[in-house]
Amino acid sequence: MTRLEESDGDGTRVVAAGQPEPVPGEPFLPGPVFAGPYHVADGSRFYSRYEHPTLDAFEAALTVLEGGPSVVFPSGMAAITALLQSSLPPGGRLVIPADGYFGTRTLVREEMAQLPVQEVATTDIAGFASGGGLDGVALLVVETPNNTRYDMCDLAAVTAAAQRAGCLVAVDNTVGTPLGQRPLELGADFSVASDTKALTGHSDLLLGHVAARDPDRAARLRAWRTRTGATPGPFEVWLAHRSLATLDLRLHRQATNARALADALAGHPAVAGLRYPGLPTDPSHELAQRQLRRPLGMLSFEVADRSAVDRFLDNARLALRATSFGGLHTTVDRRAQWGGDAVSDGFLRVSCGIEDTADLVDDFVAAADSLRSSAA
Ligand code: PLP
């Protein structure tokens, strides 16, 4: 950890974050320590539900990247649940995105029905906040960029309005990762994420975390985790820490691939409504330039209907069907199949992997061309 300096770039930071000083004869990243209870001696660790060394190291890494103390949970939803339950006062009003990850809306509707809650669309949140909408609201959750269309909200404006209203702000930063966006630096109180996605990127685990600007709020989250038992085990956490070292490289290639696919498909006759914030014509472009630290690796577009999606995917050898995103493989999700998003039957969310750019472009363009010839 002390090897890192403030001026270090992202690639340097992810390689060393949370790792101990090098010790001759020891690995760079110590392996997972498997234990429930520990032999107890005065002042030593005693039980893994509270903390364990593998978790301590990964949380230290996230703390470096987020710029605030970070608490890890067994999934993104567990992290969001912890955030809501530990930071909302009894009867506290909550505002959540109307168009973010539908799991968050479902959690609030089905498991927290007693909460006074309002849903606001991502692109309306800045106007809502500056127009006094946050008066009397205890917690605002935003998801920016959001996970389906990459709509964004202006975090500096929203957090300034929230501060005036005395409202806490949590940013679901799953799509951005702390390399793509630093919510705490932009004035948010919490950065929450599913680390199942790009942060770990190998499609082999579930994890999530919350980083807090105020250490007391992080301590409150930690206490909630210990009491409820939502502590992740060492193996997942170690896999995540091992994967973190390649985050900068993975995001670079994913973004290169997304930009190339967006350029190749934007004017294609079988493709409509393409969204990629890196394109100057995209509605999120101006905000993305200002707020994101780097371009990201996802895009979305529409083809005619459900059968066109099937034909597209049958003809795209490099596009795997999967719902999740941010992994090494390029994956495509027909979002309408899950019923949670307001999208058409032909809407495709594409998460670019790290395949060779030229191969991916050839593959997607050929698949799009196949729709044109079969429609003719
Ligand atoms: N937040 C966003 C933006 C997501 O896309 C997801 C999952 O897709 C979650 C949270 C929930 O994460 P997990 O599946 O790790 O519980």
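The set of residues from region 146-161 being among the acidic types (D, E) and away from the ligand (no atom under 16 Å from the Cβ) comprises just one member, D154.
Against the condition closer than 26 Å to R182 by Cα and either loosely packed, with under 15 Cβ neighbours inside 10 Å or under 17 Å from the mean Cα position of the chain (by Cα) (or both), how does A113 come out, does it pass? The answer is no for A113.
Just so you know, in region 50-84 the residues that are among the small types (G, A, S), within 16 Å of the ligand (Cβ to nearest atom) and crowded, with 22+ Cβ neighbours inside 10 Å include one that is farthest from L239 (Cα to Cα), and it is A82. A single entry from S344, S370, S324, S351 fulfils the requirement of being on the phi > 0 side of the Ramachandran plot and either in contact with a strand residue (DSSP E or B) (Cβ under 7 Å, 6 or more places away or on another chain) or not acidic (D, E) (or both): S324. Filtered by the rule that a residue be farther than 20 Å from T54 by Cβ and hydrophobic (A, V, I, L, M, F, W, C), region 224-265 gives W224, L249, L251, A255, A258, A260, L261, A262, A264, L265. The strands (runs of 3 or more DSSP E) found wholly in region 281-351 and carrying at least 1 residues that are within 16 Å of the ligand (Cβ to nearest atom) and of a type in the set (D, E, K, R) occupy 331-334, 347-351.
Yes/no per residue for (1) of a type in the set (G, A, S); (2) farther than 15 Å from A260 by Cα; (3) touching a Pro at 6+ places or on another chain (Cβ under 6 Å); (4) surrounded by fewer than 16 Cβ atoms within 10 Å (Cβ to Cβ):
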residue: N315; (1), (2), (3), (4): no, yes, no, no
residue: F325; (1), (2), (3), (4): no, yes, no, no
residue: A336; (1), (2), (3), (4): yes, yes, no, no
residue: D359; (1), (2), (3), (4): no, no, no, yes
residue: A366; (1), (2), (3), (4): yes, no, no, yes
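Among residues of region 192-201 being crowded, with 24+ Cβ neighbours inside 10 Å and within 12 Å of the ligand (Cβ to nearest atom), the one that is farthest from D248 (Cα to Cα) is V192. Checked against the criterion of being assigned to a helix (DSSP H, G or I), out of contact with any Cys (no Cβ under 6 Å at 6 or more places or on another chain), more than 15 Å from the ligand (Cβ to nearest atom) and closer than 19 Å to T122 by Cβ, region 162-182 contains one or more residues that satisfy it. Residues that are part of a helix (DSSP H, G or I) and either touching a residue at least 40 places away in the same chain (Cβ under 8 Å) or touching a strand residue (DSSP E or B) at 6+ places or on another chain (Cβ under 6 Å) (or both) are absent from region 135-151. When region 219-244 is filtered for residues that are of a type in the set (A, V, I, L, M) and surrounded by fewer than 19 Cβ atoms within 10 Å (Cβ to Cβ), the ones remaining, listed by number, are A219, A223, L239. Please determine whether any residue of region 238-259 is part of a loop (DSSP other than H, G, I, E, B), within 16 Å of the ligand (Cβ to nearest atom) and modelled with pLDDT of 95 or more. No, region 238-259 contains no residue that is part of a loop (DSSP other than H, G, I, E, B), within 16 Å of the ligand (Cβ to nearest atom) and modelled with pLDDT of 95 or more. Number of residues in region 317-376 that are modelled with pLDDT under 95, among the aliphatic types (A, V, I, L, M) and over 21 Å from R149 (Cα atoms): the value is 2.
The values are calculated or read from the model by the stated rules, or taken from the named source; none is laboratory data. Since we're looking at a predicted model, the values are computed, not measured. Cβ atoms come from the backbone with ideal geometry, glycine included; neighbour counts cover every protein chain shown.
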